[in-house]
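K.L.:
Structure below; questions to follow.
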Number of protein chains: 2
Amino acid sequence: MKTIVKKFGGTSVGDVSRIKAVARLIDTYLSTHPGERVVAVASAMSGETDRLIALARSCVAKPSARELDALVTTGEQVSVALLAMALSELGRPAKSFLAPQIAIHTDAQYANAQIMQIETERLQSELASGVIPVVAGFQGIDQQGNLTTLGRGGSDTTAVAVAAALKADACYIYTDVEGVFSADPRIVRGAHKLAAISHEEMLELAGLGAKVLHPRSVDFAMRYDVPLVVLSTFKPGPGTWIIREEELMEKPFVSGITYRLDEAKVTVSRLPQVLVALPRLFEALSEGQIFVDMITQTGVVSGRTSVSFTVPDEVSERALAIVQKLAPDVGAEGATLDRDIAKVSVVGAGMRSHTGVAARMFSVLSAEGIEVGMISTSEIKISVLVARKYCEVAVRALHDAFIGDGLEGSVSLSVER
Amino acid sequence: MKTIVKKFGGTSVGDVSRIKAVARLIDTYLSTHPGERVVAVASAMSGETDRLIALARSCVAKPSARELDALVTTGEQVSVALLAMALSELGRPAKSFLAPQIAIHTDAQYANAQIMQIETERLQSELASGVIPVVAGFQGIDQQGNLTTLGRGGSDTTAVAVAAALKADACYIYTDVEGVFSADPRIVRGAHKLAAISHEEMLELAGLGAKVLHPRSVDFAMRYDVPLVVLSTFKPGPGTWIIREEELMEKPFVSGITYRLDEAKVTVSRLPQVLVALPRLFEALSEGQIFVDMITQTGVVSGRTSVSFTVPDEVSERALAIVQKLAPDVGAEGATLDRDIAKVSVVGAGMRSHTGVAARMFSVLSAEGIEVGMISTSEIKISVLVARKYCEVAVRALHDAFIGDGLEGSVSLSVER
């Protein structure tokens, strides 16, 4: 008998009528898939977590991390109880389960806990007796039984972890989009939904700005080999499967073109002794809790080297201040900030076996007269910085060149699920 | 070292500013009582439980009992997390604890669970390390770890049960009144706050309409010998101590005069065979889940007996219908309902050793021209039914006769706490 985990995010359970719609969706699924059992995972109703955090901040200036987690976990508790009620009313026996009840063990890092282990005894016995377990996402308990939360993307991670623990056949992530697209459909008219991509591609896409799935949950799914599918709660459709690369029948050269606008570039100019300077610069940024993404250094000119790196835009002023303060010590001429950038990326598992993607990418951009700033590469992606005003043109040109108006069928699943 | 449990009801934690006021109250108490440790117990913010129940009912017509309990326990979870935050901000280390965390074991009767056992290990270790445990009232877990709620008066019961388990020195119940009064101050000008009464008296008072404490928590306090004190969150004062009768220095003849207007009287007329009829009538009422309070039968007239009983007003029509349906079978002439009644009671532990209270009560009422309907007595109270319009007059006359404008000092504690 197949077991399927189905996860519903905040907008999917955004109000009582949507919770009832989710219950009907599960009911219909079970009616049309007689050999399957479902475990539901739900987030808090959208806006609820923010409301609770605001309540805490209206009470005290700096809420204790332990109590903030105890407070915000009520958000999921409300939605899973309501969803279980709604399922029961449709004649589908259901029970809500909170982190302490099943139990979802995490480390003790409040607000950003890592799942260590999920016990399956209770879930298995409920499933065996025909009950739909409705599991609260985002929450866990540490060794002392304190409530913890998993941080951003937490409910996706809960769903994947529950699926891994139960050795479920698949984990369905219901969102407000129909799946993963070859590019942002608001920018590229020819962008199409992908039928399937590999975990690695999804990780690159997630990290590069496709907001469908949090990288943590994809990483978890890859490590525990959980087949994921991303699909819409509101519009029926097959969604996008995220599966092992080996299972992809045909590896497309390039699966998608992504972009992000939330980074800024800092440049430290003309360092005399780059080997001494670099560690000092990046240690200082690390101490400042600043996450650095791309890093490049320009060729040596008159014995001096310039270094550029990108950071999240919201900390870019702070990053600049840190390196400006260090500049005299390391002999740099100064530091500058450029917030007017976009990062455009080409992602595809097929790159592993095809060469020349970078060359073609540069030639496409060059033909559009778009200058490329920094470059970074991994096995399955190439990212470049361009001036922000050229972002849309670059994405469109790259989509036309690498993907075109290809039909969805160009990417197909090797296995019928 | 003394341990004190302090319980704060829904109005006491009604909003963020009140939660902060409660934190300051505890802070001040600890500053002025250096040898003591405090465990706080809190209800949901007032209105929150009702809001959650309404949310459930907006989702489904008949919410499952298990899920309704899972839903409403979030109310206490929010208030204890906020109270723990507020205490921490005042420099008083505090941690919230939910039922599964400490653990508060109950039976599996959702919405009306009974506390079976409370484990104290975690609470004791937190207290030993200088932490103020802030315990969620009203909630428990059954043997399977399902969340349960304790029903009406639940948070008071949690507080008393925690105090009993910890063998605490006292349990302070903070409410929006200053204590227990000798009569309703809105009716009797001379009514005064009692310094102390026995558990038994409080049980009678609670059962008779004084809404200060739920009888369940008083019963619990009596059985486990927990000294209780009822006092105001908003107005400093010593409150009313509820202690063992033996500890009362002086047992007043009569402690208080109470009344309730929420009962109605049903009379079944002229039963020919009362021994056969009575069991059938009261079995039928019991099957109808109707709680009967007072019962009397009139003397035999022409071989026939009439029986009257009181029931909660909101089920009185249903009770009437039940006995009317049975009337032909048991040979009764008919049944009538009188909703225009009041139950007035005189309560006092001193009655045990004083005779003549009933006689004096009847003579006082007679002097006012008030006819007495049904009568019921216990060791420490006498209740009579009067026409509703005479309720206030009866309460005032009885207060004048038995208690007068006595100063609070007339009742004093045998031990300094």
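K.L.:
Here is a list of conditions, (1) hydrophobic (A, V, I, L, M, F, W, C); (2) under 30 Å from B:Asp107 (Cα atoms); (3) facing another protein chain (nearest Cβ under 9 Å), and B:Val38 meets all of them except one; can you say which number that is?
P.N.:
(3)
K.L.:
Go through the range A:223-245 and give me each residue that's buried (at least 20 other Cβ atoms within 10 Å of the Cβ) and in contact with a helix residue (DSSP H, G or I) (Cβ under 8 Å, 6 or more places away or on another chain).
P.N.:
Restricting attention to the range A:223-245, the residues satisfying the condition of being buried (at least 20 other Cβ atoms within 10 Å of the Cβ) are A:226-231, A:233, A:239-243.
A:Val226, A:Pro227, A:Leu228, A:Thr233, A:Ile242, A:Ile243 - these are the residues of the range A:223-245 that are buried (at least 20 other Cβ atoms within 10 Å of the Cβ) and in contact with a helix residue (DSSP H, G or I) (Cβ under 8 Å, 6 or more places away or on another chain).
K.L.:
Sticking with this one: Identify the single condition in (1) away from chain A (no Cβ under 12 Å); (2) surrounded by 15 or more Cβ atoms within 10 Å (Cβ to Cβ); (3) without any contact (Cβ under 8 Å) to a residue 40 or more places away in the chain that B:Ile104 does not satisfy, given that it satisfies every other one.
P.N.:
(3) is the only condition that B:Ile104 fails.
K.L.:
Filter the range A:64-90 for residues that are surrounded by 24 or more Cβ atoms within 10 Å (Cβ to Cβ), more than 26 Å from the chain's Cα centre (by Cα) and facing chain B (nearest Cβ under 7 Å) and give the result.
P.N.:
Answer for the range A:64-90, where residues must be surrounded by 24 or more Cβ atoms within 10 Å (Cβ to Cβ), more than 26 Å from the chain's Cα centre (by Cα) and facing chain B (nearest Cβ under 7 Å): A:Glu67, A:Ala81, A:Leu82, A:Ala84, A:Met85, A:Ala86.
K.L.:
Sticking with this one: Mind listing whichever residues of the range A:26-46 are farther than 18 Å from A:Val131 by Cβ and either of a type in the set (A, V, I, L, M) or touching a Leu at 6+ places or on another chain (Cβ under 6 Å) (or both)?
P.N.:
Result: A:Ala44, A:Met45.
K.L.:
B:Val347 passes all but one of (1) modelled with pLDDT under 90; (2) closer than 16 Å to B:Ile197 by Cβ; (3) surrounded by 14 or more Cβ atoms within 10 Å (Cβ to Cβ); which number fails?
P.N.:
The single condition B:Val347 does not satisfy is (1).
K.L.:
Among A:Glu283, A:Glu246, which is assigned to a helix (DSSP H, G or I) and closer than 30 Å to A:Leu194 by Cα?
P.N.:
Of the residues listed, the single one that is assigned to a helix (DSSP H, G or I) and closer than 30 Å to A:Leu194 by Cα is A:Glu246.
K.L.:
Follow-up question, since we're still on this one. So which residues in the range B:254-270 are part of a strand (DSSP E or B) and either farther than 19 Å from B:Val180 by Cβ or among the acidic types (Asp, Glu) (or both), if there are any at all? Spell out how you get there, then give the answer.
P.N.:
Quick first cut of the range B:254-270, residues part of a strand (DSSP E or B) only: B:256-260, B:263-270.
Within the range B:254-270, B:Glu263, B:Ala264, B:Lys265, B:Val266, B:Thr267, B:Val268, B:Ser269, B:Arg270 meet the criteria.
K.L.:
Only one of (1) touching a residue at least 12 places away in the same chain (Cβ under 8 Å); (2) buried (at least 19 other Cβ atoms within 10 Å of the Cβ); (3) within 13 Å of chain A (Cβ to nearest Cβ) is not met by B:Pro93, so which one is it?
P.N.:
(2)
K.L.:
Could you look through the range B:303-326, keep only residues that are part of a helix (DSSP H, G or I) and out of contact with any Leu (no Cβ under 9 Å at 6 or more places or on another chain), and pick out the one that is farthest from B:Val386 (Cα to Cα)?
P.N.:
In this case the residue turns out to be B:Lys325.
K.L.:
Go through (1) facing chain A (nearest Cβ under 7 Å); (2) farther than 26 Å from A:Asp142 by Cα; (3) assigned to a helix (DSSP H, G or I) and name the single condition B:Asp50 misses.
P.N.:
Here B:Asp50 clears every test but (1).
K.L.:
Follow-up question, since we're still on this one. In the range A:246-260, which residues are buried (at least 20 other Cβ atoms within 10 Å of the Cβ) and not aliphatic (A, V, I, L, M)? Steps first, please.
P.N.:
Of all residues in the range A:246-260, those buried (at least 20 other Cβ atoms within 10 Å of the Cβ) come to A:248, A:251-252, A:254-260.
Within the range A:246-260, A:Lys251, A:Pro252, A:Ser255, A:Gly256, A:Thr258, A:Tyr259, A:Arg260 meet the criteria.
K.L.:
Could you pull out the residue among A:Ser376, A:Ser316 that is closer than 30 Å to A:Arg280 by Cβ, modelled with pLDDT of 90 or more, out of contact with any Cys (no Cβ under 6 Å at 6 or more places or on another chain) and among the polar types (S, T, N, Q)?
P.N.:
A:Ser316
The values are calculated or read from the model by the stated rules, or taken from the named source; none is laboratory data. It should be emphasised that the depicted structure is a prediction, and the values quoted were computed from it without experimental measurement. Using ideal geometry, Cβ is built from the backbone for each residue, glycine included, and neighbour counts are taken over all protein chains shown.
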